[in-house]
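Student: Before I ask anything, let me first share the structure, which is written out below as structure tokens.
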Amino acid sequence: MQIAGIEIIQAIEVIIALTATYIIAKIVSRALMKVFEKTPFPESVENGIIKASKYVVYIVGIFVIVSLLGVDLTSLIVGLGAFSIAISFAMSNIIQNFVSGLLVQADRVFKVGDEIRVQTFEGRVVKISIRTTLIETKEGDIVSIPNSIFATNAVIRKKSNRN
């Protein structure tokens, strides 16, 4: 028996896949929330990772549903794979700075207000974000330093400013 060109069994499979996708997305987000309760990451970073993980689950669910409807996804998946490789090469510095930013915030080697020196940069930390850290030099200039520099170079922090 068919309803609007879709067999009843396919419709049931699609409903089951939709329900499973929703439940899996909830489970993943709750599991990540529990993990993040024990980490020092900023709440905005945690929320971003949770949202991204839910989107990944939803996208996989959509692929499963489209596959259940009989659409061949082989060429689409191969194309997406090639596209993701190209994007990862193009965004490698941004990804490196993002991961380094997470490490900088997790390690807490320095904090806002500390006097630090890394490579040729020296000054007071004004802001620590996911991609960059801002320091103010003795001359009053604001320098934006990519966080990957902190992951690959020694950071010197003056003792007097650390509580």
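Any read-out appearing in this document is the output of simple, stated calculations on the displayed coordinates, not a laboratory observation. Treat the numbers as computed from the prediction; the structure is a model and nothing was measured. Virtual Cβ from ideal backbone geometry, glycine too; neighbours counted across all protein chains shown.
Student: Helix 8-36: angle to the longest alpha-carbon principal axis of the chain, degrees 0 to 90, nearest 10?
Tutor: Approximately 20 degrees, to the nearest 10.
Student: If I fit a long axis through the Cα atoms of helix 74-90 and take the longest principal axis of the Cα atoms of the chain, what angle between them do I get, 0 to 90°, rounded to 10?
Tutor: Compared with the principal axis, the helix lies near 10 degrees.
Student: Now for a separate question. Test of understanding: in a Gaussian network model of the chain with alpha carbons linked when under 10 Å, which of 125, 78, 57 would top the mean-square fluctuation ranking?
Tutor: Checking each option, the largest mean-square fluctuation is seen for 78.
Student: Same structure, new question: If R₀ is 25 angstrom, what is the calculated FRET efficiency for the pair residue 28 and residue 144, using the beta carbon separation as r and rounding to 0.05?
Tutor: Step by step, r from the Cβ atoms, then E = 0.15.
Student: Using r as the Cβ-Cβ distance of residue 47 and residue 96, and R0 as 22 Å, what FRET efficiency do you calculate, to the nearest 0.05?
Tutor: Efficiency at R0 = 22 Å is approximately 0.50.
Student: Can you compute the equivalent ellipsoid semi-axes for region 14-163, i.e. the square root of 5 times each eigenvalue of the Cα gyration tensor, sorted largest first and rounded to whole Å?
Tutor: 41, 19, 9
Student: Sum up the lysine pairs in the chain that clear both bars: alpha-carbon distance under 13 Å and a spacing of 8 or more or different chains.
Tutor: Close lysine pairs under the 13 Å cut-off: 6.
Student: For the chain, what does the helix formula give at 222 nm: sum of -39500 (n - 2.57) over DSSP H segments with n ≥ 4, over the residue count, nearest 500 deg cm²/dmol?
Tutor: My calculation for the chain gives -19500 deg cm²/dmol from helical runs alone.
Student: Give me 133, 120 ranked fewest to most by other Cβ atoms within 10 Å of their Cβ, as a rough exposure proxy.
Tutor: Ascending Cβ contact count within 10 Å gives the list 120, 133.
Student: Let me ask you something else. At R0 = 30 Å, how high is the FRET efficiency between residue 58 and residue 103 if r is their beta carbon distance? Nearest 0.05 is fine.
Tutor: That gives a FRET efficiency of 0.60.
Student: Further, regarding this structure: Arranged by the count of other C-beta atoms within 10 angstrom, fewest first, what order do 75, 67 take?
Tutor: Sorted ascending by nearby Cβ count, the order is 75, 67.
Student: Right, something else. If I model a spin label at residue 39 and residue 120 as a point 7 Å from the Cα along the Cα→Cβ vector, what separation in nanometres do I get?
Tutor: A separation of 3.5 nm, rounded to one decimal place.
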